[in-house]
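None of the figures in this text is laboratory data; all of them are computed from the coordinates on show. For clarity, every value in this text was computed on a predicted model and none was experimentally measured. For neighbour counting, all protein chains shown are included, and Cβ atoms are generated from backbone atoms with ideal geometry for every residue, glycine included.
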Amino acid sequence: MRNKTKKLRRRDILLGASVITGATILASCDDKIDGGTPKDPKDSASISKNITQWRMVTCWPRDFPGGGTGSQNLAKRITEASDGRLEIKNFAAGELVPAFEVFDAVREGTAQCGHAAPYYWIAKHKAIPFFCTVPGGMTASEKAAWIIYGGGQELWDEVYAEFGVKSFLAGNTGVQMGGWFQKEINSLEDFQGIKMRMPGLGAEVINRMGGTAVNMPAGEIMPALQSGVIDAAEWVGPWNDLALGFYKVAKYYYGPGFHEGGTTNELVMNKKSYESLNEDLKIIVKVCCHAAAIEVPSEYFAYSGLSLEILKKDHNVDVRSFPKDVIKQMFLISKEVVAETASYGELHARVFDSWNKFLQQSMQYQKYGDYGFMRDRAMAYADI
C-alpha cells in the first residue's frame, strides 16, 4: 500500500510539472486578459445580499505548486468559512495585473487583496524583507514565532500603514535551495561576474560576492537561463523547481541556500477594505491566513523530498552543498548586509532590533530545540 501511494504522489508531481510549463507564461504578462474584468464589488445584487466581493491578485502562475495553489485555496477557504459573505475571486499573475504590480494594485484599490512574497516590495521600504525573509535569517517556525508572539506583526502593521495596506502570514516555503548553476561552485571566486536571479536583500549579498543579481518573476526565469541573460537562478526548492524545468538547462543544483531560511507568503490587503469588514470577518481572514501559514510549508516539505528524488534519478541532476568556506563567507556577508538596514531610519532600526533580538534568543534555544535534536538524530543514524 505504501508503494502504491508513493507512486500516485509521484505521478501527481510529474503531471503538475507538465501543466505548469505552459502556465508560467502568465507570470510575466504585462497586459490584462480581455474579458477578465471581475464583477464590481459594489454590485447592487451583492449589496442587497450583504455580500462583500474582493479581488485577489497574486505573484504566481495559476495552479503553480505552493504559491498558486496556496492562494487559490486561501481565497476559497475564506469564502467558504464566511458562508459566502466575503467572496474572494483569485487572479493569477498577469490575469489582472503583472506579478510585480500586486502591491500597488492593492494599495490603489484595483484589487482588495493580494498574495505574494513581501520582499518583492523592498524598493518601497527596506525593512519589508524582514517580514518575508532576509539572508542568514529565520526559519519558518522562527519567523511565525517572531511575527505572532515576538512583536513582529505590530511592526509589520506600522511599516505597511505608510502605504495604506495590512498583511497577515499566509504561507511559507521553508528553507530554500541555493540555486541552479551552469558551472561548478568551488570557491567564492566562482561568483565573480556571474549573473544570478536573486530577490530581496539576498541580491545585495550576491553583488558583494562579485556577481550581479537580477530579480524576475517565475515565468521569466527559464527563458532567461536558456538565452544566457542569467547564468544561475534560485527560485524555491525541488517541488517548484521541478515544475519549472530548470534541470533542462542547468545540472548543478546547490543547497541549502544562505538567503532564505523560511520565506513568508502574505495576504496583503487594502487597509480601508480590511477595516470595513465586520469583526467576525476580520477574524475569519486572520484564522484562514494562519492556517495557510501551517499548511503551505507542510506541503512544501512533503513534496520537496519526493521531487528531489525525481530530479536526481530521472533527470541526473547533480545535487551538491556549497563548500564550507563559501557558506561561511555567504553568511558573514549576509550578516553585514542585514545589519546595515538599521541605519536607514528610525523604524528600520526598530524592526532590525526586534528581529535580531528574537533571532539571537532563538539561536541560543535551538541548541536544545529542533537544531539540537536534528544534529543528534543525524549522528545516531549516520551508519544506517
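Descriptive notes on the structure:
- Summarised in one figure, the compactness ratio Rg/Rh of region 118-218, Cα atoms and Kirkwood Rh, is 1.02.
- Highest-fluctuation residue, T58, T264, T110 considered, GNM on the chain with Cα pairs under 10 Å: T110
- Magnitude of the charge dipole, the chain, Cβ model with Lys/Arg +1 and Asp/Glu -1, debye to 20: 1000 debye
- DSSP-loop chymotrypsin sites (Phe, Trp or Tyr not before Pro) across region 296-384, with at most 16 other Cβ within 10 angstrom: Y368, Y381
- Gyration tensor (alpha-carbon) shape descriptor, region 326-371, a/c threshold 1.5: oblate
- Residue with peak Gaussian network fluctuation, the chain [Cα springs, cutoff 10 Å], from P223, P135, P297: P223
- Interatomic Cα distance distribution for region 140-289, bins of 10 angstrom, percent: 10, 33, 27, 20, 8, 1
- Across region 74-133, Cα-Cα pairs more than 15 Å apart make up 57 percent of the total.
- For region 272-384, the square roots of the Cα gyration tensor eigenvalues, ordered a ≥ b ≥ c, give a/c of at least 1.5 with a/b no greater than b/c, which places it in the oblate category.
- For region 212-272, the fraction of alpha-carbon pairs in successive 10 Å shells from zero, as %: 17, 49, 23, 9, 2
- Using Cβ point charges alone (K and R +1, D and E -1), the dipole size of region 232-384 about the Cα centre works out to roughly 260 debye.
- About its Cα centre, region 162-314 has a charge dipole of approximately 160 debye under the convention of +1 per Lys or Arg Cβ and -1 per Asp or Glu Cβ, with nothing else charged.
- Cα-only Debye scattering, region 57-159: base-10 log of I(q)/I(0) at q = 0.10, 0.22, 0.24 Å⁻¹: -0.31, -1.27, -1.30
- Top of M209, M363, M198 by mean-square fluctuation, Gaussian network on the chain, Cα under 10 Å: M363
- The tail of the calculated P(r) for the chain beyond 31 Å holds 36 percent of all Cα-Cα pairs.
- Estimated from helices alone, the mean residue ellipticity of the chain at 222 nm is -15000 deg cm²/dmol (sum of -39500 (n - 2.57) over DSSP H runs with n ≥ 4, per residue).
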